[in-house]
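Right, one structure below, let's go through it.
The values are calculated or read from the model by the stated rules, or taken from the named source; none is laboratory data. All of these numbers come straight from a predicted model, not from anything done at the bench. With ideal geometry, Cβ positions are generated from the backbone for all residues, glycine too; neighbour counts draw on all protein chains shown.
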Amino acid sequence: MLWTGLLALALGACAGADSTGWDGPKMLATVNVADVGNAAPKLKLITTQHYKIFSTIDDRPDLLDRMAQLMEGAFVAYQQMAPQVVPTDYPMQCYLFANRVQWSQFTRAHTGQDAPVYLQITRGGYTIHDWYVAYFIGDIGTYSVAAHEGWHQFVARHFRGRLPPFLEEGLACMFENVEWVGDLPRWNLSRNPSRALSLRRALDARELFPLAKLVTLHAGQVVGLANIRVEAFYSQDWAFARYLWEGDKGKYRPALQRLLADTAAGTTYDPTGSHRYPYLGWNPAGVRPMLEHYLGEDLSVTEQGYNRFIQKIAYEELNEQFELPGS
């Protein structure tokens, strides 16, 4: 793979979505790579316009180059999701370790009393403040985690208020499925085969959370549950975010983007006040009235359409999600 280095073209505007709905940057991002320090393990610093990626992966320049292109491409996709956000002018930090042992050591050293919660993560990463931490789990999985955590990082850096955790997770899941055209990343926000399959499993096992319960949950509350419940949480979050983005012919998208804009500005409607500033203690009781305010209907009404939508994803769209012949 051609190393882009400092001679790469600057990141361009996102290309228009093609006939299959895939979208992404038209040009490679400018990337600089340097060795940092002499201590073991060897540390690489990959710098782009919006990111500083620290990595102990020192034998895969192709992977590190793609990580840089992925994050810059994702940054543009995040802005399209929340176009009112004004980007900051200093890079966000990402930490990508070569293996779980290094990731665990870093986690114990940097997350304090919360370390036991993060160490329950069996595959993936986490975001604290405006930096994320991940480790290599194969090329596809690593790109997926980075794009997911990158949304959390983007929100932490640029939003004055706090999104409902289940909704922030669902939106993050919409960026997980990454395809490549050469060395350029592409996203189709409607596609996520692994989440669609998890949704089907949860439906078949009757393990779905009622929407009124789902909206009050955050990842830390489910990480220790049985795997089917963890899958249900994330796949339902993803389906709900998709529903607001495109369900019922895009009926809710303006409301979703108003919610994102208000949260970014710190003016979110929330009678409990807990979502206006990230440093306030989160009150799950504020989520339902917030959603009802922005969507303009009782949550039970929203749930009816949402339930139809998840049935469609799990039973009608499943083959399409995997792009199987005849779907």
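Quick notes on this structure:
- Every listed requirement among (1) out of contact with any strand residue (DSSP E or B) (no Cβ under 6 Å at 6 or more places or on another chain); (2) farther than 30 Å from Gly37 by Cβ; (3) of a type in the set (Gly, Ala, Ser) is met by Ala74 save one, (2).
- Any hit, the range 231-249, residues being more than 20 Å from the chain's Cα centre (by Cα), of a type in the set (D, E, K, R) and at pLDDT 95 or above: no
- Leading residue by the ranking (nearest to Val86 (Cα to Cα)) among those in the range 268-301 that are more than 23 Å from the chain's Cα centre (by Cα) and among the polar types (S, T, N, Q): Thr272
- Hits in the range 271-325 (condition: within 18 Å of Phe166 (Cβ to Cβ) and of a type in the set (Phe, Trp, Tyr)): Trp282, Tyr294, Tyr306, Phe309
- Per-region count, the range 174-198, residues buried (at least 16 other Cβ atoms within 10 Å of the Cβ) and at positive phi: 0
- Checked against (1) among the hydrophobic types (A, V, I, L, M, F, W, C); (2) under 25 Å from His129 (Cα atoms); (3) at pLDDT below 95, Ala261 meets all criteria but (3).
- Ala115 being buried (at least 21 other Cβ atoms within 10 Å of the Cβ) and of a type outside the set (Ser, Thr, Tyr): no
- Test: residue in the range 125-137 that is at pLDDT 95 or above and closer than 16 Å to Asn177 by Cα: yes
- With respect to (1) at pLDDT below 95; (2) over 15 Å from His148 (Cβ atoms), the lone exception for Ala219 is condition (2).
- Screening the candidates Gln257, Gln221 for the property of being in a helix (DSSP H, G or I) and touching a residue at least 60 places away in the same chain (Cβ under 8 Å) yields one hit, Gln257.
- Residue in the range 199-206 that is of a type in the set (Gly, Ala, Ser), surrounded by 21 or more Cβ atoms within 10 Å (Cβ to Cβ) and within 18 Å of the chain's Cα centre (by Cα) present: no
- Residue ID - surrounded by the most Cβ atoms within 10 Å (Cβ to Cβ), chosen from residues in the range 272-327 that are part of a helix (DSSP H, G or I) and of a type in the set (Lys, Arg): Arg288
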